[in-house]
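The structure appears right after this line, and notes come after that.
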Amino acid sequence: MNATTVALPFALFASLAFVPIPQSTPPVPPAPAPVVQGRDGAFTIDDVHSCALFRVQHFHAGQFWGRFNNIAGSFTLSQDPSKMAFDVSIETDSVDSGNTKLDSHLKSPDFFNAKEFPTMVFKSTACTKNADGTFALTGDLTIKGVTKSVNAVIEVTGWGFDMGRGARAGAEARFKINRSDFGVSYGVENGALGNETTVIVGLEGTAV
């Protein structure tokens, strides 16, 4: 094999090294959505992106979770706690345990009696700001026609902007109740279900 035959592949490889390879245009990242500059405003609850969760102990063992899917109402957020306000209505018929048979029982007079009491309602009455930035909210909770004052911790979860519907904001409330205080006492006496109930309400709203 002569030197020319050996050198030809190397020469060809060297020439290819200088041939420009077309580069695909890198994708342009989307522009960030506008952010609401203020931290005050009134909002209508978006029920698609809101829900209420409840948790109660079952036979002194696991914690049973359920949720309510249909929430309506409004809330006002402000740096001034005296202007914070929540008016929330929850459809009892929207209770969802993930089990159809159990849902029917939860809607019965043993529990929420959805036919006679189609909604449960929370209306805030006072608010102060905590050192960690959360809010201490007091309000009247009505379940099965019984109204009691409850204390909740409110965390403002965020502020955003929906290109279709404008400014949005979110808040989450956490509190505990003894459900027997509201006439929902099924299973308490025999220990089948706990009395203390943890409630978490996650809200997202669109600006009014």
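The values are calculated or read from the model by the stated rules, or taken from the named source; none is laboratory data. Just so it is clear, the structure is predicted and the values come from calculations on it, not from any experiment. For neighbour counting, all protein chains shown are included, and Cβ atoms are generated from backbone atoms with ideal geometry for every residue, glycine included.
Could you say whether any residue in region 49-61 is free of Cβ contacts under 8 Å to residues at least 40 places away in the same chain and closer than 17 Å to T119 by Cβ? I'd like the intermediate steps shown before the answer.
Taking region 49-61 and keeping what is free of Cβ contacts under 8 Å to residues at least 40 places away in the same chain, we get 61.
Filter once more, so that each one left must be closer than 17 Å to T119 by Cβ: none.
So far as region 49-61 goes, no, none of its residues is free of Cβ contacts under 8 Å to residues at least 40 places away in the same chain and closer than 17 Å to T119 by Cβ.
Is it the case that region 129-152 has a residue that's under 20 Å from H49 (Cβ atoms) and either among the aliphatic types (A, V, I, L, M) or surrounded by fewer than 15 Cβ atoms within 10 Å (Cβ to Cβ) (or both)? Outline the logic, then answer.
To start, the set of residues in region 129-152 that are under 20 Å from H49 (Cβ atoms) comprises 152.
Subsequent filtering for residues that are either among the aliphatic types (A, V, I, L, M) or surrounded by fewer than 15 Cβ atoms within 10 Å (Cβ to Cβ) (or both) retains 152.
Yes: region 129-152 contains one or more residues that are under 20 Å from H49 (Cβ atoms) and either among the aliphatic types (A, V, I, L, M) or surrounded by fewer than 15 Cβ atoms within 10 Å (Cβ to Cβ) (or both).
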Residue within region 40-51 that is modelled with pLDDT of 95 or more, small (G, A, S) and either out of contact with any strand residue (DSSP E or B) (no Cβ under 7 Å at 6 or more places or on another chain) or not in a strand (DSSP E or B) (or both) present:
yes
Out of (1) out of contact with any strand residue (DSSP E or B) (no Cβ under 9 Å at 6 or more places or on another chain); (2) farther than 21 Å from F112 by Cβ; (3) not aliphatic (A, V, I, L, M), the one F161 does not meet is (1)
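For (1) farther than 27 Å from G166 by Cβ; (2) buried (at least 17 other Cβ atoms within 10 Å of the Cβ); (3) within 16 Å of the chain's Cα centre (by Cα), each residue gets a yes or a no:
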{"residue": "H49", "(1), (2), (3)": "no, no, yes"}
{"residue": "M84", "(1), (2), (3)": "no, yes, no"}
{"residue": "S104", "(1), (2), (3)": "yes, no, no"}
{"residue": "F111", "(1), (2), (3)": "yes, yes, no"}
{"residue": "C127", "(1), (2), (3)": "no, yes, no"}
Say whether the condition of being outside any strand (DSSP E or B), over 20 Å from E196 (Cα atoms), free of Cβ contacts under 8 Å to residues at least 24 places away in the same chain and of a type in the set (A, V, I, L, M, F, W, C) is met by at least one residue in region 76-91.
no
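What number of residues within region 171-206 satisfy the criterion of being within 16 Å of F112 (Cβ to Cβ) and either touching a strand residue (DSSP E or B) at 6+ places or on another chain (Cβ under 7 Å) or hydroxyl-bearing (S, T, Y) (or both)?
16
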Determine which member of the set T119, T198 is over 20 Å from H49 (Cα atoms), modelled with pLDDT of 95 or more and of a type in the set (V, I, T).
T198
